[in-house]
Structures are given as C-alpha cells and as structure tokens.
Amino acid sequence: MHGEGTMALPRKNAESKPLVSVIMNCFNGDRYLREAIDSVMAQSYGNWEIVFWDNRSTDKSVSIVRGYEDPRLNYCLAPEHTTLGQARNLALEHARGELIAFLDCDDRWLEAKLEQQVRLFAADPKLDFVYGNCFFINEEGKRRELAYRKPQPRGDVFRSFLRYYPVNLQTVMLRKSSLARLSHVFDPELEMSEEYDLFMRFLFDGKADYLDTPIAEYRIHNAMSSIQKIERYPLENKYILNKLGKTIQHFEDEYSDELKDLRAKIAYWHATAEMRKGSRQRARNYLAPYKWHSSVFFALHFLTFCPRSLWVFLQENRRKFQSY
C-alpha cells in the first residue's frame, strides 16, 4: 500500500487493458472493510486501482487499510469531514482510470465483476454505463436472495428509471470521459441519494447496458445509512426531481406518467419513515393523496390503520411479493 502521495500507474497494462479506478468512500466502516477490499483483490481482472477516501474515520478503518501492501491501493485522508456527495467528488479527483467503479465498505464484489464489465465497454465505444444484478446478503455475509428475477433496461433507460430505479451502486461501472458532459458530478448537498442524482443526470442522454448475472453482494444490516437516515431519502428525492425539472425542457409534460409514479413512491418513503417512528397518522397523511394510485397504494394506506407490527412484517418480506 502507498499513502497520500500517489505512485505512477500505467493507464493500460501490457495487454492494453484499461485501468479501472475503484472508488471506496469510508467513514467508520471497519466492521466489513476487510471483506470489501479482499473482494477487489480477488478480481479476475487485475488492472485496477483503489482510491480509498477516508472521511476522517475514528475506528479501525485506517489500520485495516494500512495492513495491505498492494501498491494499487491508494489511501487518501480527507482534509475535513464532508457529506458523502462531496467525499465522492474528492475521491474522484484522484481517479486515473478510464473506467470508474464504486464499492462501499460493507459490500462485496464477485470475482468476475470487473472483467465482465470491461468486456462490454471494449465491445461498444459508445457505451457510458454498465450496471448489473446482485445478491442481498445478511450481516454475517450469507446470501438471502437475488435482487432481480427479470432482465432490466438497456440502452436509453432514463424514462424507465424514473418509474423504477434498479441500480445498485456496487454494480456500476461508467466511462470517466462521459462525466465531462455534466455541469457537476456528485451533489455535495446530498448524503443519501447522491448516486441517484448523478446517474439520472448522466443517463438522460447516456447509453447503458445491464448484466443479468449477479456481480456484487449488497449487505443489509441495521447500521446502514439507508436505514439510519431513512427520513432524508424522500427529501433528497424531491430535491433531485426539482433539479431535473430545471435542466430538462418540458420535463413535467414529457414524463408526466412516470412522475406520478415517482411522486407516489416519495410519499411511500415519507410514510415508511413515519411508521418507523410509530407515527401512523402522519404516514397516513402522506399516503392519502395516492391511495387511489394503485391497489398497492390503497393497501399501504389501509395498513396505516393496522398495528404497526403488520407494516413492519410486510416491509421486511415485501420482496417475496414483488416480481421484478
């Protein structure tokens, strides 16, 4: 491992394989960190670098990273603690690869992840973005289920992603040069939905491909930010919708059907945050305008009149009833 001063790495190796920069942002992520880094070390594709951005961790994260001797691991210490959106931007400034991938410290990659995605980019110079299927795993790292049972969208995906967004950050690889067309990369105001904001702007006029084969393992645990800060999720999504509306001409008219679905989901996320706090009335108020949106939303509204335990049970098992 080398420290804050970076050592020169070739953009391509002897076989002309593009360098992949793996962005790892960390703030007190020591519990699963070794598993995450080891999953990069085990990749069948070897021309990568890890940009490890330490957002001023106070746990054992630093000592774990410094235990690796691989020169492809570049440890970077943040000058000060920032939002996740800003931290991802700062990490990207150190990335030298033609391709960019992301791995959070509690998740893992399967060994052919990079190899499969690089192959797709090599076959299509116009490709901007590749995402893929993944497994959900529990706190102990045991697989629970496959994320998607059906193939997900390819090509021009922006419209379909407004209605349903099937992207897990751990599965993403993108072409770094394509980021240049954006006015900004990650939004420093965001800490829960910073990747959604970036990828939706990126894919408005970008080309995507999808790997149906699972390429990552996404860990579900109570300490994850999507659970701890769930109340921020709908607020940030409203903020992102407002941004898209200001930059895309005729946004509301062109995507009216998709936006109805998305705003209903934002209400659901609000309701979920309220139900977690035990505020059934507030959850009901969020869902009331959408109770006739579909049978699902009618059922959700009805559940706010039932014991909170029923909502929690159905939330924990909802994937059993979904067909995507």
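None of the figures in this text is laboratory data; all of them are computed from the coordinates on show. Worth saying up front: this structure is predicted, and the values here are computed from it rather than measured. Virtual Cβ from ideal backbone geometry, glycine too; neighbours counted across all protein chains shown.
How many angstrom lie between the C-alpha centres of segment 21-65 and segment 155-201?
22 Å
So how do T247, T272 line up by other beta-carbon neighbours within 10 Å, fewest first? Kindly include the intermediate steps, with their values, before the conclusion.
Details: T247 10, T272 19.
Taking fewest neighbouring Cβ atoms as first place, the list is T247, T272.
Pairs of lysines 8 or more apart, or on different chains, with alpha carbons under 14 Å: count those in segment 232-321, would you?
Details: K238/K246; K238/K260; K238/K265; K260/K291; K265/K291.
Lysine pairs meeting both conditions in segment 232-321 amount to 5.
PRE reach from A180 (point 7 Å along Cα→Cβ): which of segment 81-106 fall under 14 Å by backbone N?
98-99
Cα-based Rg (one decimal) and Dmax (whole number) for segment 125-184, in Å?
14.2, 41
What is the antiparallel percent of DSSP beta bridges lying wholly in segment 20-221, to the nearest 5? Can you show the working numbers first?
Working: 11 of 36 bridges.
Rounded to the nearest five, the antiparallel share is 30 percent.
Relative to the compact-globule scaling 2.2 N^0.38 Å, provide the ratio for the alpha-carbon radius of gyration of segment 232-321.
1.18
Calculate the all-directions average of the projected area of the chain's alpha-carbon convex hull, and give it in nm². Display every interim value, and only then the final one.
Working: hull surface 67.1 nm².
For the chain, the mean projected area of the Cα convex hull comes to 16.8 nm².
Which of Y218, Y239 has the fewest other C-beta atoms within 10 Å, and how do the rest follow up to the most?
On the way: Y218 20, Y239 15.
Exposure proxy ranking, most exposed first: Y239, Y218.
From the helices alone, meaning DSSP H stretches of at least four residues, give me the mean residue ellipticity at 222 nm for the chain, per-run term -39500 (n - 2.57), in deg cm²/dmol to the nearest 500.
Numbers: 13 runs with 125 residues, N = 324.
Helices in the chain give a 222 nm mean residue ellipticity of -11000 deg cm²/dmol.
Cut-off is 10 Å between beta-carbons; in what order do K126, K60 appear when sorted fewest neighbours first? Walk me through the numbers before you get to the answer.
Details: K126 8, K60 15.
Starting with the residue having the fewest Cβ neighbours, the order is K126, K60.
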